[in-house]
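Scroll down for the structure; my scribbles are underneath it.
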Amino acid sequence: MRHFRYIYIIGLLLAAACSKSEVDNSDNAISFSPVASKSTKAIISGTIYPEGESFVVSAYHNGTDAYFEDLTASYSLTQNGTKLWATSDDQYWPLSGSLDFHAYSPSSASSHGVDIDATNGVTATGYTVQNNTQMTTDLCYASATVADCGNHPDSVPLAFSHALTQVVFRVKAADYYSTATSTVTLSMTSLALRGIYSVGDLNQGTWENLGSEHNYTLSGTPTELTYNGSNQPETVDVCAYLFLPQELGPNAAISVGYSIVQRVSGTDYTLENTPVTIPLGSSLTQWEPGKKYIYTLNIGMNNVITFTASTVGWQDDGDNIIVEEN
């Protein structure tokens, strides 16, 4: 099983360790402020950690002793141009020793089996991606160590990594369709996946125990395929979802339904085809964490459906991702 590639959002945490005599010393508080060092494009879009989002953080003194655990950090204020996240109760730095910080986002992931421990950092047991809410929730995790708390930084930088895989589906008509020479209208009518692992455990940056396959209905809304002014087929984005990183097994497949309406002598004739199923592993054999996989489906007549699959890093230079088709 592969380890994660990291897409970084820099986070600064406001929390602290408590020598009880120091609780009133505001200069000794631990602070957080998410600032983007690289632009990212996730299901939750944006170039910085969203102000409306919160994360859960724990800290361990000298690597083992719980200093504070499972505290939620939320946006608090902006100080000198830096946005700060804070826990509801201030935490303070110890006078000596080290602190290991572990965090996951969003804070709601705790209800899906996500946890933190001193040995493994962020872990998940039975994390499930099956319904629409789970398929659009971007699970991220981060760790950082301050080796000398007596000489601590102003804030703790947390580099959040994407734990899941983003999969984008696009559709277009095959090149031999042309509205200049034919009265054919082509639409995609359904899109589904089957045989995809949907439940797994996260441990030390690795997904394991992927033992439950699930079938997904991704789109049941007809999508008409269009042409540009030069009568070339245009690519239409259908959907983008998050899935567990995984090897694509022999049962992993995509199913696409489409309809063709052809006008002959003023009369429309409709062909509703039986959805065509293609093994996903015929092109890409696995989905890796922190990566975006873009499937472009080319739909033609006579049950001819082909697709190209391209991979890009889960980041871009701005709000728009431009993908060149192979």
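The values are calculated or read from the model by the stated rules, or taken from the named source; none is laboratory data. All values derive from a computational prediction rather than experimental measurement. Cβ atoms come from the backbone with ideal geometry, glycine included; neighbour counts cover every protein chain shown.
Summary of computed values
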| item | result |
| --- | --- |
| Any strands (runs of 3 or more DSSP E) falling wholly within region 60-131 and containing at least 1 residues that are modelled with pLDDT of 90 or more | 65-79, 99-105, 114-117, 121-128 |
| Candidates 145, 137 - the one that is polar (S, T, N, Q) and assigned to a strand (DSSP E or B) | 145 |
| So residue 211, is it of a type in the set (Gly, Ala, Ser) and either in a loop (DSSP other than H, G, I, E, B) or without any contact (Cβ under 8 Å) to a residue 60 or more places away in the chain (or both) | yes |
| Single match in 119, 145, 133 (criterion: without any contact (Cβ under 8 Å) to a residue 24 or more places away in the chain and closer than 28 Å to residue 67 by Cβ) | 119 |
| Selection from region 251-271 of residues that are at pLDDT below 80 and either in a strand (DSSP E or B) or not assigned by TED's automatic domain parsing to the domain that holds residue 298 (or both) | 260, 261, 262, 263, 264, 267, 268, 269, 270, 271 |
| Options 154, 201: the member that is assigned to a loop (DSSP other than H, G, I, E, B) and surrounded by fewer than 19 Cβ atoms within 10 Å (Cβ to Cβ) | 154 |
| Residues located in region 132-151, provided they are of a type in the set (A, V, I, L, M, F, W, C) and either in contact with a Pro (Cβ under 9 Å, 6 or more places away or on another chain) or at pLDDT below 90 (or both) | 139, 140, 142, 144, 146, 149 |
| Yes/no for residue 217 being part of a strand (DSSP E or B) and either surrounded by 18 or more Cβ atoms within 10 Å (Cβ to Cβ) or modelled with pLDDT of 80 or more (or both) | yes |
| Region 133-151 - residue that is buried (at least 17 other Cβ atoms within 10 Å of the Cβ) and among the β-branched types (Val, Ile, Thr) and, of those, farthest from residue 240 (Cα to Cα) | 146 |
